[in-house]
Amino acid sequence: MKRLIPLFLALVFASPAAAQIDTEELDRRAQLLMNQLEMTGLSMAIVENGQISFSKGYGEELRDSGKFVTADTVFRWASVSKGIAANTLLSVVEDGDISLADSAETLAPSLELPEGGENVNLVHLLSHQTGIVRNAYDNRIEAGKPAKPTRTALSKLSLLCEPGTCHTYQNVAYDAAAEIIELQTKLPYKTIVQSRVFDPLGMSTASVTLEGLTRSKSWAKPHGRFGARISEVKPTYYRVPAAAGVNSSVKDLAKWMTAQFPASGKIPVDRLYAMQTPIIQTTGEQRFLNRRFRDLNNAHYGLGWRVYDYHGNKVVGHRGGVQGYRALVLFDPDKQAGIAMMWNSPHTRPIGLQMEFLDQLYALPRRDWLRLKEDS
């Protein structure tokens, strides 16, 4: 593999047809969702033709507090953060001192994988192809253990497959991306992400620390399944910031989404192509989708992004969840249209709203993906 991400000079972007999204209908459905489920707060943004056309908050920051969620309320991204890490590490690769073909173990001293792990390169790292059991040692992070010694302990595991041959989703190993970024730039991860992503994109509410969340002017507090307040924000996954550390408002999440459109010119096209190209099939993800959201097919992982087929259309996105929070992004990069949502409870049913968005985007028959069972 060449030292720099290849330039796809022959890539031509046709002007997409304007997306016909009924934001009033999506708004109505979101309000119905909040009324019928044990939801506490939610925020949603819609992007059409490369611009945010709708953003709104629903419910409360804290149940029964009277503090209402707005489009500026800050939530946690959870695993949607992985796209930020992939983008930032690829930007460091473009600096020219390291290559995507380089050993992740060599570049991240704390990363010690089982025998054969020396073959794990940066592409394998960012696409979850390390070969170790999925979510390896997440339990140690959740128990409060620091990231670096936990990464070193990965050497005690056995490989499930040869690196680069199967997808096994990671957090502890994936966070080696933050370590590599820090060593190459000689700056803290939060600083380099701020300067290379948040500031250029105007993401004024975005951060990658617990303090960044709790010092926000308006931020959503975590809640359990039936609306019970969780007393404090669990700090554990901020210890692996490349995997799950980002916070922001839904407006800023939508700004990050619009930067993923090649026509936006906000991120180099060759970097976007590398991130959004399907690399490895994700059979476990497909099994989950088949149970509830069956029209998202051909599930793959790229670099920090999931890639699907929806009725013959390529869509890109990610979901994330940590205690008391959920987030999602899903978009069509060519049509420059997408949806971003975050909520402060562990429900999965709101995922259905992204499906209702896609049905509108592709002029498909209206379906009750939220399972709200309206008469109309």
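Which of the following residues is modelled with pLDDT under 95, in contact with a helix residue (DSSP H, G or I) (Cβ under 9 Å, 6 or more places away or on another chain) and not assigned by TED's automatic domain parsing to the domain that holds residue 239: 6, 109?
That would be 6, the only listed residue that is modelled with pLDDT under 95, in contact with a helix residue (DSSP H, G or I) (Cβ under 9 Å, 6 or more places away or on another chain) and not assigned by TED's automatic domain parsing to the domain that holds residue 239.
Quick check on residue 277: is it within 17 Å of the chain's Cα centre (by Cα), surrounded by fewer than 19 Cβ atoms within 10 Å (Cβ to Cβ) and either within 26 Å of residue 40 (Cα to Cα) or of a type in the set (Ser, Thr, Tyr) (or both)?
yes
If I filter the stretch 231-242 for residues that are in a helix (DSSP H, G or I), crowded, with 23+ Cβ neighbours inside 10 Å and touching a strand residue (DSSP E or B) at 6+ places or on another chain (Cβ under 7 Å), do I get at least one hit?
Yes.
Give 362, 325 a once-over and let me know the one that is at pLDDT 95 or above and either closer than 24 Å to residue 39 by Cα or within 20 Å of the chain's Cα centre (by Cα) (or both).
Selected residue: 325, the only one of 362, 325 that is at pLDDT 95 or above and either closer than 24 Å to residue 39 by Cα or within 20 Å of the chain's Cα centre (by Cα) (or both).
Exactly one of (1) of a type in the set (S, T, N, Q); (2) in contact with a Leu (Cβ under 7 Å, 6 or more places away or on another chain); (3) not assigned by TED's automatic domain parsing to the domain that holds residue 62 is unmet by residue 194. Its number?
Only one criterion in (1) of a type in the set (S, T, N, Q); (2) in contact with a Leu (Cβ under 7 Å, 6 or more places away or on another chain); (3) not assigned by TED's automatic domain parsing to the domain that holds residue 62 is unmet by residue 194, namely (2).
Among (1) touching a His at 6+ places or on another chain (Cβ under 9 Å); (2) within 19 Å of residue 310 (Cβ to Cβ), where does residue 345 come up short?
(2)
Here's a check for you: in the stretch 195-230, which residue that is surrounded by 20 or more Cβ atoms within 10 Å (Cβ to Cβ) and among the small types (Gly, Ala, Ser) is farthest from residue 81 (Cα to Cα)?
This residue is 220.
Would you confirm whether or not the stretch 263-272 contains a residue that is buried (at least 23 other Cβ atoms within 10 Å of the Cβ) and more than 27 Å from residue 57 (Cα to Cα)?
yes
Inside the stretch 91-117, can you point out the residues that are assigned to a loop (DSSP other than H, G, I, E, B), without any contact (Cβ under 8 Å) to a residue 60 or more places away in the chain and within 21 Å of residue 302 (Cα to Cα)?
Listed by number, the list holds a single entry, 102.
Give just the number: which of (1) hydroxyl-bearing (Ser, Thr, Tyr); (2) touching a strand residue (DSSP E or B) at 6+ places or on another chain (Cβ under 8 Å); (3) surrounded by fewer than 23 Cβ atoms within 10 Å (Cβ to Cβ); (4) at pLDDT 95 or above does residue 348 not satisfy?
Unmet condition: (4).
Going by the conditions given, is residue 296 of a type outside the set (S, T, N, Q) and either under 20 Å from residue 86 (Cα atoms) or at pLDDT below 95 (or both)?
No: the conditions fail for residue 296.
With respect to residue 82, is the statement that it is assigned to a strand (DSSP E or B), surrounded by 17 or more Cβ atoms within 10 Å (Cβ to Cβ) and of a type in the set (Lys, Arg) true?
No, not satisfied.
Any residue at all in the stretch 70-77 that is hydrophobic (A, V, I, L, M, F, W, C) and without any contact (Cβ under 8 Å) to a residue 60 or more places away in the chain?
So far as the stretch 70-77 goes, no, none of its residues is hydrophobic (A, V, I, L, M, F, W, C) and without any contact (Cβ under 8 Å) to a residue 60 or more places away in the chain.
Would you mind telling me which numbered condition in (1) outside any loop (DSSP other than H, G, I, E, B); (2) within 21 Å of residue 145 (Cα to Cα); (3) outside the structural domain of residue 131 (by TED's automatic domain parsing); (4) of a type in the set (D, E, K, R) residue 287 fails?
All conditions are met except number (2).
Filter the stretch 259-274 down to the residues that are among the charged types (D, E, K, R) and either in the same structural domain as residue 94 (by TED's automatic domain parsing) or part of a loop (DSSP other than H, G, I, E, B) (or both) and list them by number.
Matches in the stretch 259-274: 266 only.
Please list, ordered by residue number, the strands (runs of 3 or more DSSP E) wholly in the stretch 299-358 having 1 or more residues that are closer than 13 Å to residue 42 by Cβ.
Answer list for the stretch 299-358: 325-332, 337-343.
Is it the case, given these coordinates, that residue 282 is buried (at least 18 other Cβ atoms within 10 Å of the Cβ), within 17 Å of the chain's Cα centre (by Cα) and over 22 Å from residue 122 (Cα atoms)?
No.
The values are calculated or read from the model by the stated rules, or taken from the named source; none is laboratory data. Just so we're clear, the structure is a prediction, and the values are computed from it rather than from any experiment. Every residue, glycine as well, gets a Cβ built from its backbone with ideal geometry; the counts of neighbours run over all protein chains shown.
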